[in-house]
Amino acid sequence: MKKLLLLILPLVFLSISPPEARGDFYKYVDENGTVHITNVPTSKKYVWAMREKSGKHGRDERVTVYSRDYDNIIQILSIRHGVDPALVKAIVRAESDFDATAISKKGARGLMQLMPETASILGVRDIHDPYENVEGGIRHLSKLLKMFNNNVRFALAAYNAGENAVLKYGTVPPYPETREYVKRILAYYKGYNNGTYR
């Protein structure tokens, strides 16, 4: 009987162990058009928006949040700060692929990949909050566009490499990463403007 109990107990513990951890994200759009996103929905207004699941070989795989989930945020904040929404969308796509939880190897975070120091200067309190992150990124981009007389290429280069690098060279700096970054975003920008991307 003791041997039987010893065999059964591990099976019992396995059956009551907690399920695989998964981060689900929910959203709802309020009467003012503001998009609210959370991983802990507090009302029935929230609908499922994204799921994180464990993929093959134990690696985490994210189910992509489509860009339209952030369209309202991007549209409202871009217009507020006088920046083309299509350009902001192109930057978000290149920077984080619309993943609000994204963190780069250098420590940049959120949809527009703000460095914590930059976010602090811009008054961003929650760097992973989509609304705050996008507003901070747009304000930074708006400043760069004004600094470089609305030269989009220079502003994008400054967003990636810093304004001092652009000022030093008087053009897009000769850094392969920065040049590829500018090229990629301009391609996305064109795609959003001509309807290739949504």
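The values are calculated or read from the model by the stated rules, or taken from the named source; none is laboratory data. Bear in mind the structure is a predicted one, so any value in this text is a computation, not a measurement. Cβ placement follows ideal geometry from the backbone for every residue including glycine, while neighbour counts extend to all protein chains displayed.
A count restricted to segment 170-182 and to residues that are assigned to a loop (DSSP other than H, G, I, E, B) and either closer than 14 Å to Arg93 by Cβ or in contact (Cβ under 8 Å) with a residue 60 or more places away in the chain (or both) stands at 0.
Please tell me if Leu167 is more than 15 Å from the chain's Cα centre (by Cα), closer than 15 Å to Val88 by Cβ, in a helix (DSSP H, G or I) and in the same structural domain as Thr101 (by TED's automatic domain parsing).
Details: more than 15 Å from the chain's Cα centre (by Cα): yes; closer than 15 Å to Val88 by Cβ: no; in a helix (DSSP H, G or I): yes; in the same structural domain as Thr101 (by TED's automatic domain parsing): yes.
Spelling it out, it is not the case that Leu167 is more than 15 Å from the chain's Cα centre (by Cα), closer than 15 Å to Val88 by Cβ, in a helix (DSSP H, G or I) and in the same structural domain as Thr101 (by TED's automatic domain parsing).
Taking into account only those residues within segment 74-108 that are part of a helix (DSSP H, G or I) and polar (S, T, N, Q), which is nearest to Asp126 (Cα to Cα)? Top of the filtered list is Ser96. As for segment 133-146, it holds no residue that is surrounded by 15 or more Cβ atoms within 10 Å (Cβ to Cβ) and in a loop (DSSP other than H, G, I, E, B). Can you spot a residue in segment 183-191 that is aromatic (Phe, Trp, Tyr) and either outside any helix (DSSP H, G or I) or under 19 Å from the mean Cα position of the chain (by Cα) (or both)? Yes: segment 183-191 contains one or more residues that are aromatic (Phe, Trp, Tyr) and either outside any helix (DSSP H, G or I) or under 19 Å from the mean Cα position of the chain (by Cα) (or both). Residues in segment 168-196 that are modelled with pLDDT under 95 and within 23 Å of Leu114 (Cβ to Cβ): Tyr192 alone. Answer with yes or no whether Arg198 is on the phi < 0 side of the Ramachandran plot, buried (at least 16 other Cβ atoms within 10 Å of the Cβ), in contact (Cβ under 8 Å) with a residue 12 or more places away in the chain and of a type outside the set (Asp, Glu). Judged against the criteria, Arg198 is not a match. Hey, among Leu122, Leu144, which residue is more than 16 Å from Arg93 (Cα to Cα), assigned by TED's automatic domain parsing to the domain that holds Leu77 and in contact with a strand residue (DSSP E or B) (Cβ under 9 Å, 6 or more places away or on another chain)? Result of the check over Leu122, Leu144: Leu122. In summary, Ala165 fulfils each of the numbered conditions (1) out of contact with any Pro (no Cβ under 9 Å at 6 or more places or on another chain); (2) at pLDDT 95 or above with the single exception of condition (1). Just to be sure before I move on: is Leu156 over 16 Å from Asp71 (Cβ atoms), in the same structural domain as Ile73 (by TED's automatic domain parsing) and buried (at least 18 other Cβ atoms within 10 Å of the Cβ) in the structure I sent? Taking the combined requirement at face value, the residue satisfies it. Kindly list the number of the only condition in (1) surrounded by 19 or more Cβ atoms within 10 Å (Cβ to Cβ); (2) within 18 Å of Arg139 (Cβ to Cβ); (3) not hydrophobic (A, V, I, L, M, F, W, C) that fails for Arg93. Evaluating Arg93 over (1) surrounded by 19 or more Cβ atoms within 10 Å (Cβ to Cβ); (2) within 18 Å of Arg139 (Cβ to Cβ); (3) not hydrophobic (A, V, I, L, M, F, W, C) leaves (2) as the failure.
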